[in-house]
Amino acid sequence: MLGQSHAVSGALIFAATASFLPEALLGKELRPGEILVGTLLCAGAALLPDLDHHDATPAHLLGPLSRGLCRLVGKLSGGHRHATHSLLFVALVSGGTWWGVTRLGDGFTLGVTFFLLALAARALHLHPPGHGLTAWVTSVGLAGVGTATVAAWFDGIAGWLPYTVGLGALTHLLGDCLTRQGAPLLWPYRRRFEVVLIRRTGSRRETRFFVPLMTVATFGALWFTAFAPRFAMS
């Protein structure tokens, strides 16, 4: 699946489950504003498994630096769609985020927030076309504004950020299971799980059907979980 598809699917899953899943798993009811922020963060987190690919969305975030990092991750993880596309990876990124927000505090929390928002901006094409300086400045600028907003208004984000990171990464794996080659969910066990609905990355079925459908569904979910409660209170 394309980066945009993964980002939109992450946003959809978070928005659709925001009214009950955080409360069931964390004992926390998210406020409307937190749901909106979490939807964007989960869109960014849905790109994390592709840190193993030198030409995926994360690789374009910081130019040669991010491409070099993704090449290194790819080599260490066994190549694209290997270790980073497993449930073990989901556990590691969510557990690592929990450790960071618990032990390292606000600096780590805001750093992860900035990174995920920048990934979301790139994947959702909230910038001018291409991978040039203008696109980079726009993505970084939007992520900076979003992070500053979180720092000023969302003091409880550390309590649910690990959940959001894990949910986004898990959504990516489930999306890749809908394509050929699937995903090795139980890595290092090599079996790949797949139910092929998308035969080719970037196909018309993906870009002209699944992405628009998921986008509309995301806004519909946000209406019921974030916007409707606000109108009901006014």
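The values are calculated or read from the model by the stated rules, or taken from the named source; none is laboratory data. Owing to the predicted nature of the structure, the values given are computational and were not obtained by experimental measurement. Don't worry about glycine lacking a Cβ; one is built from the backbone with ideal geometry, like all the others, and counts go over all protein chains shown. To get the accessible areas, we keep the full protein, side chains included, count just its heavy atoms, and leave off ligands, DNA and RNA. Shrake-Rupley method; radii C 1.70, N 1.55, O 1.52, S 1.80 Å.
Set the Förster radius R0 to 41 Å, insert the Cβ-Cβ distance between R31 and R191 as r into 1/(1 + (r/R0)^6), and round the FRET efficiency to 0.05.
With R0 = 41 Å, the Cβ-Cβ based efficiency is 0.50.
Between L62 and L126, 0.36 nm times their residue separation minus their Cα-Cα distance comes to what?
21.4 nm
Nearest 20 debye, what's the magnitude of the dipole of the chain about its Cα centre given +1 on Lys and Arg Cβ and -1 on Asp and Glu Cβ?
About 800 debye.
What length, rounded to one decimal in nm, is gained on full extension from T149 through to R103, with 0.36 nm per residue of separation minus their alpha-carbon distance?
Result: 14.3 nm gained on full extension.
Please compute the alpha carbon radius of gyration of the range 93-217, then divide it by the globular-protein estimate 2.2 N^0.38 Å. Two decimals is fine.
The reported ratio for this selection is 1.25.
For the chain, modelled as a GNM with alpha-carbon contacts under 10 angstrom, which of V196, V101, V165 fluctuates the most?
Its mean-square fluctuation being the largest, the pick is V196.
Taking only C-alpha pairs under 8 Å that are 6+ residues apart, what is the relative contact order of the range 64-168 in percent?
Once normalised by length, the contact order is 32 percent.
Based on the Kirkwood radius over alpha-carbon pairs, what is the Stokes-Einstein translational diffusion coefficient of the chain at 4 °C with 1.567 mPa s viscosity, in µm²/s?
Details: Rh = 17.8 Å.
The calculation lands on 73 µm²/s.
Could you list the trypsin sites (Lys or Arg not before Pro) in the range 71-180 that lie in coil according to DSSP, counting only those with at most 14 other Cβ atoms within 10 Å of their Cβ?
Qualifying residues, ordered by number: R180.
Enter the angle in degrees (range 0 to 90, nearest 10) between the Cα long axis of helix 106-123 and the first principal axis of the Cα atoms of the chain, meaning the one along which they spread out most.
Orientation of helix 106-123: about 60 degrees from the principal axis.
Given a Förster distance of 41 Å, report the FRET efficiency between S203 and L72 from their Cβ-Cβ distance, rounded to the nearest 0.05. Intermediate values should be presented prior to the final figure.
Numbers: r = 30 Å, r/R0 = 0.73.
Given R0 = 41 Å and the Cβ-Cβ separation, E is 0.85.
Restrict the search to the range 5-112; then list the chymotrypsin sites (Phe, Trp or Tyr not before Pro) that DSSP places in a loop and that have at most 16 other Cβ atoms within 10 Å of their Cβ.
Working: sites: F14, F20, F89, W98, W99, F108; in loops: F20.
For chymotrypsin sites (Phe, Trp or Tyr not before Pro) across the range 5-112 that sit outside H, G, I, E and B with at most 16 neighbouring Cβ atoms in 10 Å, the list reads F20.
Testing the spin-label approximation: label points 7 Å from Cα along Cα→Cβ at D55 and Q181. State their distance in nm.
For the pair D55/Q181, the computed spacing is 1.1 nm.
Please give the per residue accessible area of the range 95-234, computed with a probe of 1.4 Å over protein heavy atoms only, in Å².
Counting only protein heavy atoms, the per-residue value for the range 95-234 is 57 Å².
Can you give the angle from 0 to 90° between the axis of helix 64-77 and the longest principal axis of the chain, with both taken from C-alpha atoms, to the nearest 10?
Computed tilt is about 70 degrees.
Only four residue types carry charge here, +1 at the Cβ of Lys and Arg and -1 at the Cβ of Asp and Glu. Report the dipole size of the range 52-124 about the Cα centre in Debye, rounded to the nearest 20.
160 debye
Hey, got the Cα dimensions of the range 5-71 along the principal axes, in Å, largest first?
40, 20, 19
Quick one: which residues, 5+ away or cross-chain, put their amide H under 5 Å from the amide H of A183? H built at 1.01 Å from N.
When sequence neighbours closer than 5 places are left aside, the close amide H contacts are F193.
Residues of the range 200-223 with the amide nitrogen closer than 12 Å to a label point 7 Å from the Cα of S19, along Cα-to-Cβ, please.
Inside the label zone: 220-223.
Got a number for carbon plus sulfur as a percent of the range 7-153's accessible area, 1.4 Å probe?
In the range 7-153, the share of accessible area belonging to carbon and sulfur is 70 percent.
Using only Cα atoms, tell me the angle between helix 211-222 and the longest principal axis of the chain; keep it within 0 to 90° and round to the nearest 10.
With rounding to tens, the tilt is 20 degrees.
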